Amino acid sequence: MAQDNFSQVTEFILVGLSNTRELQLLFFTLFLLAYIMVLLGNLLIIVTVRTDPKLFSPMYFLLCNLSFIDICYTSVTIPRVLVALFSGHKAIAFEGCMAQLFFLHFVGSSEMFLLTVMAFDRYTAICRPLHYTAIMARGACWALVAACWLGGFTHSIVQTVLMLQLPFCGPNTIHSYFCDVPPIVRLACTDTALIEWLMASNSGLISLGCFLVLLASYALILAKVRARLSQGHWKALSTCASHVMVVTLLFMPCIFTYLRPAGALPTSKYVCVIYTIFSPMMNPLIYTLRSSEVKESMWRLWKR
């Protein structure tokens with residue numbers, strides 16, 4: 001690589017959500033409360049599932065992994081945002097920015113794959129109940145979770161390698177509150193058209209593909225439920241409807257953000273709040289409060 005292609009930028013400046021001190025304090029309070037809810041809610045799910053033998057099933061095994069991913073996912077961005085909002089220090093080292101980008105896409109894409117696996121689990125349980133135990137055996141569940149993490153790692157390493165190929169010689173102001181592909185690509189001192197399309201086909205197609213698979217699985221569940229009007233199946237339909245709502249909140253902003261070249265339209269940093277903070281905060285509520293088994297287990301754990 002030629003000398004002029006090496007990065008001259010040693011740090012980036014994260015603009016954040018607002019430069020007004022009053023709004024910064026408001027965002028600090030809201031983000032701190034959201035982070036506490038994510039930590040407490042998901043840790044409670046993990047402890048409940050791990051300590052109650054009655055929750056020893058593939059669905060709750062996957063739910064436990066989703067809770068762990070949500071903790072990791074929010075921990076990549078929110079603590080750094082809280083420090084910046086409280087102290088006013090908005091600079092982040094180049095290496096730290098690349099590390100944040102890597103772990104954000106690593107954990108985020110792993111969550112997308114895991115949500116797709118969870119939809120497959122629900123489809124198998126409702127549409128093929130006689131074969132459920134054989135299909136979703138313990139070994140198969142571990143293999144599916146491992147595949148989710150491997151897929152997330154592969155996706156993230158590709159994104160990070162593409163980013164490291166770009167020269168950055170200034171400006172260094174990122175118009176967001178965390179390091180991500182679209183706002184950083186715009187700062188590159190070279191023609192990024194090809195890189196933008198490669199990144200869009202990587203992140204965007206993963207988001208769109210997983211979302212379409214999720215919708216297809218829930219559509220098949222709906223068709224199955226309509227043919228059987230028992231109370232249990234209608235309860236399953238209600239649960240699936242809430243799951244669709246949550247995954248839509250996660251996937252639609254991601255599709256809007258990544259399924260296009262970074263320079264096509266500016267990405268609203270407020271849209272990013274939906275899939276980096278709001279959606280992980282909703283997961284514990286949607287996936288547990290609608291499950292009587294989990295609520296009963298939590299109550300028994302509380303009494304102990």
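The values are calculated or read from the model by the stated rules, or taken from the named source; none is laboratory data. Note that the structure is predicted; figures quoted are calculated from it, not measured. Cβ: placed from backbone, ideal geometry, glycine included. Neighbour counts: every protein chain shown. These area figures cover heavy atoms from the full protein model, side chains too; ligands, DNA and RNA do not enter into them. Shrake-Rupley method; radii C 1.70, N 1.55, O 1.52, S 1.80 Å.
Of note:
- Mean Cα-pair separation over length for the chain, i.e. relative contact order, pairs under 8 Å, 6 or more apart, %: 27
- The chain, accessible area per residue, ligands and nucleic acids excluded (1.4 Å, Å²): 48
- Here each label is just a point 7 Å from Cα along the line to Cβ, and for Met252 and Ser87 those points are 3.7 nm apart.
- Pairwise label distance in nanometres, Thr133 with Arg21, each label 7 Å out on the Cα-Cβ vector: 6.6
- The alpha carbons of the range 11-295 occupy a box of 62, 40, 31 Å along the principal axes, longest dimension given first.
- Here r is the Cβ-Cβ distance between Ala99 and Cys169 and R0 is 25 Å; the resulting FRET efficiency, rounded to 0.05, is 0.75.
- Rounded to 10°, Cα long-axis angle of helix 94-127 versus longest principal axis of the chain: 20
- Between helix 138-164 and the chain: long-axis angle, C-alpha atoms, 0 to 90°, nearest 10: 10
- Probe 1.4 Å, all protein chains present, accessible-area order of Ser110, Ser87, largest first: Ser87, Ser110
- Summarising the amide proton neighbourhood of Glu11: residues at separation of 5 or more, or on other chains, whose placed amide H is nearer than 5 Å comprise Phe94.
- Taking amide hydrogens as placed 1.01 Å from N in the peptide plane, the amide H of Ser57 sits under 5 Å from that of no residue at least 5 positions away in sequence or on another chain.
- Multiplying the residue separation of Ala143 and Leu215 by 0.36 nm and subtracting their alpha-carbon distance yields 23.6 nm.
- Close Lys-Lys pairs in the range 11-295, where close means Cα under 22 Å and separation is 8 or more or interchain: 5
- What the Cβ-Cβ distance of Leu39 and Phe278 gives, at R0 = 25 Å and to the nearest 0.05, is a FRET efficiency of 0.95.
- Computing FRET efficiency as 1/(1 + (r/R0)^6) for Val271 and Asp191, where r is the C-beta to C-beta distance and R0 is 25 Å, gives about 0.40.
- Modelled spin-label separation between Ser75 and Phe56, with each label point placed 7 Å from Cα along the Cα-to-Cβ direction: 2.7 nm.
- Percent carbon-and-sulfur accessible area, the chain, ignoring ligands, DNA and RNA, probe 1.4 Å: 71
- Exposure ranking of Asp70, Asp191 by accessible area [1.4 Å probe, largest first]: Asp191, Asp70
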